[in-house]
Amino acid sequence: MKPRNLVPIIYILFLLLPIYWLMAMSFKTTNEILGGFSLFPQDFTLDNYRTIFTEPVWYWGYFNSIFYVSLNTVISLVAALPAAYAFSRYSFIGDKHLFFWLLTNRMAPAAVFALPFFQLYSSVGLFDTHLAVALAHCLFNIPLAVWILEGFMSSVPKELDETAYVDGYSFHRFFITVFIPSIKAGVGVAAFFCFMFSWVELLLAKTLTAVDAKPIAATMTRTASSAGYELGLLAAAGVLTIIPGAIVIYFVRNYIAKGFALGRV
Amino acid sequence: MRTVNQRGWLFVLPVLLLVAFNALVPLMTVVNYSVQETFGNNQFFWVGLRWFEEILQSERFHAALGRQMLFTVTILIIEIPLGVAIALAMPRRGFWVPVCLVLMSLPLLIPWNVVGAMWNIFTLPDIGLLGYTLNNVLGIDYNMTQDPFAAWITVIVMDVWHWTSLVVLLSYAGLISIPEAYYQAAKIDGASNWSVFRHIQLPKMKRVLTIAVLLRFMDSFNIYTEPFVLTGGGPGNSTTLLSIDLVKVALGQFDLGPAAAMSLIYFAITLAVSWLFYTLMTRDDR
C-alpha cells in the first residue's frame with residue numbers, strides 16, 4: 001500500500017467516527033447513556049427502533065419527508081430540462097442575466113425567508129401540504145439543476161440536434177427519445193443533488209408544515225423538547241435519516257464523479 | 001455557436017414562474033417590512049430607511065458580521081485545500097473508487113439538524129466519544145458549552161466534517177477528466193509532481209473549483225441549523241453567526257422591521273461577494 005492511500009483512509013475514519021457514535025447510542029438504553037461512558041453498547045437494545053417503527057408520529061415523518069423530496073426532485077427536473085436546453089442551445093434577450101439571477105436565489109438566506117414563506121403559502125392555501133414544501137425547495141434546487149444540466153447539454157455536439165431534424169424528428173420526439181437519454185448521467189447527477197438538498201433542508205420544511213406533512217427532522221426536534229431528552233430514541237431516528245441518502249448515493253455512485261467531469265461545469 | 005432564438009424564453013418560462021413565485025413574493029414582503037414599524041397588532045407605520053441606518057451603525061450587527069466572515073474565511077481556507085489534497089490522493093480506478101465516494105458522501109446526506117445533534121452527542125464532556133477522550137484520556141480540559149474557544153473549534157471542525165466531501169467530489173470529477181496522455185507527456189518531459197499539479201491538474205480543476213468555492217461560500221455564509229443545534233449561538237454570543245442573530249431579532253424579539261432590513265443588507269453582501277468570486281474565477285474563460 002502506498003503511503004498516499006493513507007490520506008483518504010484517515011479522512012474516511014474521521015467521517016465515520018461521529019456516525020459510529022450515533023449508531024452506538026441508538027442501541028443503548030437511556031439509563032446506560034446517562035449512566036456513564038461506554039464505547040460499545042453494554043445492554044444492547046432494539047427498543048429505540050421499535051418505537052420508531054410502531055408509532056405513527058415517527059414513521060409518518062419518514063413518509064412525509066420521502067414524499068415531498070421525491071415530488072421536489074421530479075418538479076425540479078421537469079422544469080429544469082427545457083430551461084437548461086434553452087440556455088445551452090439558444091441565445092435570447094437577457095439570457096446571461098437570467099442565468100445569474102437564477103443562481104442568486106441560492107444565496108438568499110433561508111432564515112430570512114421563513115416568515116414570508118409561511119405567509120405566502122398560507123395565503124394560497126397550501127400550508128401543511130407536501131406540495132408546499134416541494135415547491136418551496138424549488139427555490140434553491142431548480143437553479144442548481146439548471147446549472148448542472150446546462151453543463152452536460154453543452155457537451156453534446158449540436159450535430160445531434162441537426163441530424164435529428166434532418167431525419168424528420170419533431171422537437172418533442174427528439175428531446176424525449178434522443179436528447180434526454182444522451183445526457184442521462186447528467187440527469188442522474190442533477191436528481192442526486194436535488195434529492196440531497198431537499199432531504200437535508202429543515203428550516204423551510206418545518207416552517208411550512210404542522211401535522212399532515214411534518215418532516216422526520218422536525219419530529220425529532222419537537223420530541224427532543226417535549227419528551228425529556230431521550231438520546232437513544234433521537235440517535236435511532238438520526239441513523240434512519242442517513243439511510244435514504246445512502247441508498248440514493250449507491251445508485252448514482254458511478255455517475256457522480258464521471259458526471260461532473262463530462263459536464264462543462 | 002448558439003443560435004439567436006427567442007423561443008428560448010418559452011423553454012425557460014416554467015422555471016421562471018416557479019422560482020419567481022418563491023423568490024419575488026417573499027422578497028417583496030421583506031422589502032415591505034424593512035421600511036415600516038409594527039406594534040404587533042397589524043398596524044404599520046412608514047419609517048423610511050431608519051432601520052437600515054440603525055443596523056449599519058449597530059455594534060451588534062458588526063460583531064455578528066465579523067464572526068460570520070471569520071467563520072466563512074476559516075472554513076474556506078481549510079476545506080478547499082484539504083478537499084483538493086484528498087482528491088489527489090484518491091485512487092483513480094478500481095474497486096475502491098465507488099467505496100470511497102459512497103462513504104465520503106455520507107455526511108452530505110444527513111439532515112442538517114441531525115448533523116448538529118450528532119456533534120452535540122459526540123462532544124458531550126462526560127458521555128460523548130470526543131468529549132470523553134479529550135477530557136479523560138488525553139487530559140485536555142474541553143467543554144464547549146462553557147469555553148467560547150472550544151465552541152468555535154467545534155463548530156469549525158463540524159463544518160469541515162460536513163462539507164469537505166463536496167469539495168473532494170467536485171475536485172475528483174475534475175481530476176478524472178484529464179486524459180492519461182497528459183501524464184505520459186509530463187513524464188517524458190521529466191516534470192516534477194508539483195509542476196504536474198500546477199500546470200495540468202490545477203487548470204483542469206478550475207471550473208469545478210469555481211463551483212466548489214461559490215457553493216461553499218454561499219452555503220457557509222447562510223449557515224443556520226447546524227451551529228444553532230450544536231451551540232445555540234453560545235456560550236454567550238460567541239458563535240452567534242449572522243443567520244442565528246437574524247432569527248433572534250425576527251422571531252425572538254419579533255422586531256420585523258429591523259430583521260427585514262438586516263436580511264436585505266445580508267443578502268446584498270452575499271450577492272456582492274458571490275458576484276466578485278464569479279467574475280474573478282471565470283475571467284479567463286471569455
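In terms of the Cα gyration tensor, with a ≥ b ≥ c the square roots of its eigenvalues, is the stretch A:124-216 rounded because a/c is under 1.5, prolate because a/b exceeds b/c, or oblate? Prolate.
Ranking B:169, B:96, B:183 by how far each Cα lies toward the positive end of the dipole of the stretch B:58-285 (charges on Cβ) leaves B:183 at the top. Given R0 = 30 Å, the distance between the Cβ atoms of residue B:268 and residue B:153 translates into a calculated FRET efficiency of 0.45.
In this label model, residue B:38 and residue A:51 are separated by 3.7 nm, measuring between points 7 Å along each Cα→Cβ vector. Note: the protein assembly as shown, Cα convex hull, 180 Å³ per residue. What does the C-alpha gyration tensor say about the overall shape of the stretch B:58-285? Classify as rounded when a/c is under 1.5, otherwise prolate if a/b is larger than b/c, or oblate. Oblate, since a/c reaches 1.5 and b/c is not below a/b. What helices does chain B hold that run 20 Å or longer along their axis, going by alpha-carbon atoms, with a Kyte-Doolittle average of 0.0 or more, using DSSP H for the helix calls? Length and hydropathy pass: B:8-34, B:59-89, B:148-176, B:202-221, B:256-282. If a paramagnetic tag sat 7 Å from the Cα of residue B:281 along the Cα-Cβ line, which residues of the stretch B:157-173 would have the backbone N under 11 Å from that point? Residues B:167, B:171 fall inside that zone. Excluding same-chain neighbours fewer than eight residues apart, the aspartates and glutamates reachable from residue A:28 by a Cα-Cα span under 20 Å are A:43, A:47, A:55, A:230, B:126.
With 31 Å as the limit, the listed pairs A:158/B:187; A:96/B:206; A:206/B:206 have A:158/B:187; A:206/B:206 beyond it between alpha carbons. Under a Gaussian network description of chain A, with springs only between Cα atoms under 10 Å, the residue in A:208, A:98, A:139 that fluctuates furthest is A:98. Modelled spin labels at residue A:5 and residue B:206, positioned 7 Å past Cα toward Cβ, are 3.5 nm from each other. Legend: calculated FRET efficiency, residue B:143 to residue A:129, from the Cβ-Cβ distance at R0 = 60 Å, rounded to 0.05, equals 0.85. Per residue, the average separation of C-alpha pairs within less than 8 Å and at least 6 apart gives chain A a relative contact order of 33 percent. From least to most packed, judged by other beta carbons within 10 angstrom and beginning with the fewest, B:176, B:244 follow the order B:176, B:244. If you take every residue apart from residue B:125 with its C-beta less than 11 Å away from the C-beta of residue B:125, what net charge results, scoring Lys and Arg +1 and Asp and Glu -1? With Lys, Arg at +1 and Asp, Glu at -1, the neighbours total -3.
Panel order for A:165, B:33, by other beta carbons found within 10 Å of each beta carbon, from fewest to most: A:165, B:33. Spin-label pair residue A:20-residue A:178: with each label point 7 Å from Cα along the Cα-Cβ axis, the two points sit 5.4 nm from one another. Relative to the Cα centre, the charge distribution of the protein assembly as shown, modelled as +1 at Lys and Arg Cβ and -1 at Asp and Glu Cβ, gives a dipole magnitude of about 1660 debye.
Think of the stretch B:58-285 as having a plus end and a minus end, set by charges on the Cβ of Lys, Arg, Asp and Glu; of B:120, B:86, B:65, B:86 sits farthest toward the positive end of this dipole. Between residue B:181 and residue B:50, the contour length at 0.36 nm per residue exceeds the Cα-Cα span by 40.9 nm.
Since every read-out is calculated from the coordinates, none of them should be taken as a lab result. Computed from a predicted model, the values in this text were never measured in an experiment. Quick reminder, even Gly has a Cβ in these numbers, built from the backbone with ideal geometry, and neighbours come from all protein chains shown.
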